[in-house]
Amino acid sequence: MSELGAAALEDIEIRLLLEALYLRYHYDFRHYAPASLKRRLRLARDQLGFKTISALQEGLLHEPDMLPVLLGYLTVQVSEMFRDPSYFKAIRETVVPHLRTYPSLKLWIAGCSDGEELYSFVILFREEGLEERTLFYATDINQEALARAQAGVFSLERMQLFTENHRKSGGKSSLSDYYSAAYGRASFDKSLRERVVFADHSLVTDAVFAEMHMISCRNVLIYFDRELQDRAVGLFKDSLARKGFLGLGAKENLRFSRHAGAFSDFVREEKIYQRRAE
Amino acid sequence: MSAVPLEAVVIGASAGAMEALSALLPALPQNFRLPVFVVVHLPPDRKSLFAEIFQAKCRVPVREAEDKEPIRAGTVYFAPPNYHLLIETGRSIALSSDEPVLYSRPAIDVLFESAADAYGPALAGIILSGANEDGARGLKAVAAAGGVTMIQRPDEAQAPDMPLAALAACPQAHILPVAGIAAFLQAL
């Protein structure tokens with residue numbers, strides 16, 4: 001028997017676990033970017049008290065209750081409301097004037113996680129007078145995150161940063177108008193959710209579900225490998241109306257994508273793209 | 001120092017980073033062939049000026065890392081503010097928006113641990129001045145993978161806590177003044 005390094009062994013264990021996750025529960029993480037995935041799985045292994053990734057896999061296969069717990073580890077990402085205020089400023093100043101020309105709008109927040117980005121957009125659209133003609137779709141594969149997004153409750157101590165971001169994004173109101181504070185929590189007003197559809201949707205395995213005028217998908221593609229990025233961007237391409245907008249995270253881009261030709265730079269420095277009319 | 005030829009360098013710094021990096025990065029010769037990845041703790045809400053500042057000071061190309069970028073030889077990559085910087089085993093750059101580690105995003109540990117996985121013994125890890133313990137775990141991972149580990153002399157560092165924490169976690173690391181670390185890199 002040949003010696004196998006610990007790292008190579010761990011890589012095998014990770015592949016097997018991802019296969020098990022897919023075969024048993026149909027969650028497909030096999031094309032996620034490996035470095036970050038490995039880090040999350042090690043964290044799950046250690047914090048859940050397993051000695052090896054294989055032991056974690058056994059637990060996952062035999063105890064369905066483990067699924068949401070593991071998904072929590074695999075999909076958690078920490079965002080902010082109005083993260084990168086200049087992005088939201090660019091939406092407000094350059095995208096909104098185009099959106100105003102449509103009688104009705106559909107906006108998709110893909111990979112909405114706990115909802116920080118969703119609430120940012122609803123507030124921005126309300127401030128710009130677009131909320132009433134817009135249907136917002138907020139999707140994620142993590143049911144627990146979707147439930148948190150739907151609840152709209154954030155830790156009060158984050159409000160200082162969110163308020164500052166909102167102001168820098170060109171906010172026309174005060175963020176505190178939209179939430180009530182109690183017991184260290186900020187609960188966002190339910191009226192902000194009246195036009196939001198929350199749905200379990202996977203960029204990995206699911207299909208187009210509506211024609212969108214804008215898609216904002218920030219810091220989700222960084223978790224995918226190139227092949228999966230191509231699938232997701234293809235899905236965005238097929239979901240967008242002609243001349244619809246796609247916004248990505250500050251450090252994401254379409255440069256390496258197979259579908260780059262279907263988009264033109266709209267606000268290059270903010271990673272806002274426009275679907276070409278063809 | 002290392003059993004195999006080095007293929008990459010990772011550097012972590014926090015408080016006092018500007019001074020330490022200013023003595024280190026501009027010393028890299030124009031024909032330096034290894035990629036250099038740098039995590040400096042930054043306020044998350046601001047554009048980082050490190051890449052711009054060092055581009056002007058250095059003889060090698062300096063840039064802020066972008067997701068999925070192929071790694072270029074002889075280039076210095078800074079982690080962007082508010083993202084972790086990781087290295088894939090396939091030798092490309094990855095960013096993540098995972099929770100901060102030890103209150104930091106980017107975190108030095110995240111870069112070092114992923115780079116240790118990707119490069120194994122062909123990696124040099126360097127911990128410079130800083131006021132917390134980020135990087136200690138990462139440097140230990142670099143050593144465990146057989147890589148070269150170096151720590152700025154704590155009495156020379158503007159903030160000695162990070163070098164001291166790294167030293168406690170990784171006692172076999174070489175303790176050098178920044179000038180000594182620069183000389184080591186120049187000789188590669």
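Structure above, values below:
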| item | result |
| --- | --- |
| Residues of the stretch A:158-172 classified as open to solvent by less than 30 Å² (accessible area, probe 1.4 Å) and in a helix (DSSP H, G or I), total | 4 |
| Residue match in the stretch A:98-105 (condition: assigned by TED's automatic domain parsing to the domain that holds A:PHE121, open to solvent by less than 30 Å² (accessible area, probe 1.4 Å) and part of a helix (DSSP H, G or I)) | yes |
| Check on A:GLU80, open to solvent by less than 50 Å² (accessible area, probe 1.4 Å), within 14 Å of chain B (Cβ to nearest Cβ) and outside any helix (DSSP H, G or I) | yes |
| Subset tally (residues that are under 15 Å from the mean Cα position of the chain (by Cα) and at the interface with chain A (Cβ under 7 Å from one of its Cβ atoms)) for the stretch B:84-93 | 2 |
| Failed condition for A:ILE91, given (1) open to solvent by less than 20 Å² (accessible area, probe 1.4 Å); (2) touching a strand residue (DSSP E or B) at 6+ places or on another chain (Cβ under 6 Å); (3) away from chain B (no Cβ under 14 Å) | (2) |
| Residue list for the stretch A:20-52, filter: open to solvent by less than 30 Å² (accessible area, probe 1.4 Å) and in a helix (DSSP H, G or I) | A:ALA20, A:LEU21, A:ALA35, A:SER36, A:LEU37, A:LYS38, A:ARG40, A:LEU41, A:ALA44 |
| The stretch A:65-94 residues that are at pLDDT below 95, paired with ones that are among the acidic types (Asp, Glu) and open to solvent by 20 Å² or more (accessible area, probe 1.4 Å) (beta carbon under 6 Å, 6 or more apart) | A:PRO68/A:GLU144; A:VAL78/B:GLU99 |
| Candidates A:GLU10, A:GLU58, A:GLU3 - the one that is open to solvent by 90 Å² or more (accessible area, probe 1.4 Å) and modelled with pLDDT under 95 | A:GLU3 |
| Flag if A:GLU144 is open to solvent by 10 Å² or more (accessible area, probe 1.4 Å), over 19 Å from the mean Cα position of the chain (by Cα) and in the same structural domain as A:VAL267 (by TED's automatic domain parsing) | no |
| Residue tally, condition within 14 Å of chain B (Cβ to nearest Cβ), of a type in the set (A, V, I, L, M) and more than 22 Å from A:PHE162 (Cα to Cα), over the stretch A:54-77 | 1 |
| Candidates B:VAL4, B:VAL36, B:VAL10, B:VAL60, filtered to the one that is in contact with a helix residue (DSSP H, G or I) (Cβ under 7 Å, 6 or more places away or on another chain) and open to solvent by less than 30 Å² (accessible area, probe 1.4 Å) | B:VAL10 |
| Check on A:ALA44, under 20 Å from A:GLN143 (Cβ atoms), within 14 Å of chain B (Cβ to nearest Cβ) and small (Gly, Ala, Ser) | yes |
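The values are calculated or read from the model by the stated rules, or taken from the named source; none is laboratory data. Everything numeric here is computed off the predicted structure, so don't read it as measured data. Positions of Cβ are generated from backbone atoms using ideal geometry, with glycine treated the same way; all protein chains shown enter the neighbour counts. Note: areas computed on protein heavy atoms with side chains; ligands, DNA, RNA excluded. Shrake-Rupley method; radii C 1.70, N 1.55, O 1.52, S 1.80 Å.
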